[in-house]
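The values are calculated or read from the model by the stated rules, or taken from the named source; none is laboratory data. Here the structure is a predicted model, which means the values were calculated and not measured. Note that we place each Cβ from the backbone using ideal geometry, even for glycine, and neighbour counts take in every protein chain shown. Note: accessible area is taken over every heavy atom of the protein model, side chains too, but ligands, DNA and RNA are not part of it. Shrake-Rupley method; radii C 1.70, N 1.55, O 1.52, S 1.80 Å.
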Amino acid sequence: IAKKNRLEHFAYYHSDIEDQMQWRLNMIRQLRNDFSNNCLELWYQPQLSLSSGKVIGAEALLRWRTTDGKFVSPAVFIPLAEYSGLIIEIGDWVISQACKKLQELEETFPDISISVNVSIPQFRQENFVDNIIETMKDHKIKPCKLELEITESILMDEPQIIIDALTKLKSQGVSIALDDFGTGFSSLSYLQKLPLDRLKVDRAFVTDINKEGQSIIAATIINLGKQMKLKVIAEGIEEIEQQERLIELGCDEVQGFYYAKPMPAEEFLTFLNQQK
Ligand code: C2E
Ligand code: MG
Ligand code: MG
Ligand code: MG
């Protein structure tokens, strides 16, 4: 009986994996299809300076609306895009869209910068760095207005290749931010090897920042950033009390639903005009 149960269990488990694999392949096929039919959108979430209260830029965030009108979360489709290699084409598109937007904003909002998220497979492209430099030139934008957001996990693979690429981009004036800082597993020694401009305090360290003993990590990241002469931006601010605490802790910049949710490109323009 025990053996029979095991086999049944195995059979059940087996089909579960198969279903999951089928689901992933299906999603990847749909993603490839929708991407080539221009169904991906790049939305923008404002970032503000805590000292001036002004909008200083935005993070560009991908949105996938499937043909039935439903959104698939980036947390679901980005890993699939990475796994399938699709992230390379999609990532190129994201960077060129962001540069196009910067060019559009140049005249009316010359101080706005845009951050884009980049994934490991993008760095494995031979001409990744040159492509970015060329795209910036094509759109006549100042490199300092484009920021690349990387995560600690980027250093698990081939750190040297990535450090070299980032160093080259930085020397051109592109800004580099370390996203989701403190949620990964990398060693702190990498912080000195990376050519960083900004540290992003993850939402996980902001949510309970006003609960007893819960602001220690945010405070430490902010101090670390200050010591390293980096700007520190906190993400995931949803309440004014979190903003107040972040000001006390000396944080420079913020991004979160309290100020604005990610929004389509046209809405972002309206938002900027209203802030004027
Ligand atoms: P991320 O880069 O850490 O982006 C911040 C995420 O936090 C976004 O989720 C944003 O909508 C969300 N967020 C911002 N403020 C708040 C807040 O106050 N409360 C809450 N609950 N959430 C907030 P989103 O857009 O779902 O993106 C998830 C992740 O997907 C991103 O995390 C990023 O890692 C990835 N991603 C999105 N777009 C791209 C892209 O173009 N390329 C790559 N490689 N990854 C992307
Ligand atoms: Mg990000
Ligand atoms: Mg983040
Ligand atoms: Mg992230």
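Assorted remarks:
- Candidate set from segment 139-175 (those that are of a type in the set (D, E, K, R) and open to solvent by 30 Å² or more (accessible area, probe 1.4 Å)); member that is farthest from ligand 2 (Cβ to nearest atom): LYS140
- Residue list for segment 251-262, filter: open to solvent by less than 20 Å² (accessible area, probe 1.4 Å) and more than 16 Å from ligand 2 (Cβ to nearest atom): CYS251
- Sole residue being small (Gly, Ala, Ser) and touching a Lys or Arg at 6+ places or on another chain (Cβ under 9 Å), chosen from SER175, SER153: SER175
- Of the residues contained in segment 217-228, one or more are found to be within 20 Å of the chain's Cα centre (by Cα), within 15 Å of ligand 1 (Cβ to nearest atom), closer than 27 Å to ALA260 by Cα and open to solvent by less than 40 Å² (accessible area, probe 1.4 Å).
- Test: residue in segment 46-67 that is open to solvent by 40 Å² or more (accessible area, probe 1.4 Å) and in a helix (DSSP H, G or I): no
- On the stretch given as segment 148-164, residues that are polar (S, T, N, Q), assigned to a helix (DSSP H, G or I) and within 16 Å of ligand 4 (Cβ to nearest atom) total 1.
A quick yes/no check of all residues on (1) open to solvent by 30 Å² or more (accessible area, probe 1.4 Å); (2) over 30 Å from LYS276 (Cα atoms):
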site	(1), (2)
ASN37	yes, yes
VAL76	yes, yes
LEU86	no, yes
GLY91	no, yes
LEU105	no, no
PHE123	no, yes
VAL129	no, yes
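- Any chance SER52 is small (Gly, Ala, Ser), more than 16 Å from ligand 3 (Cβ to nearest atom) and under 17 Å from GLU235 (Cβ atoms): no
- Against the criterion of being β-branched (Val, Ile, Thr), farther than 22 Å from TYR44 by Cβ, open to solvent by 20 Å² or more (accessible area, probe 1.4 Å) and more than 16 Å from ligand 4 (Cβ to nearest atom), ILE247 qualifies.
- Residue that is under 18 Å from the mean Cα position of the chain (by Cα) and farther than 23 Å from PHE35 by Cβ, where the choices are LEU86, LEU148, LEU102, LEU155: LEU155
- Every residue from segment 177-208 that is within 13 Å of ligand 1 (Cβ to nearest atom) and touching a residue at least 40 places away in the same chain (Cβ under 8 Å): ALA177, ASP179, PHE181, ARG198, LYS200, VAL201, ARG203, VAL206
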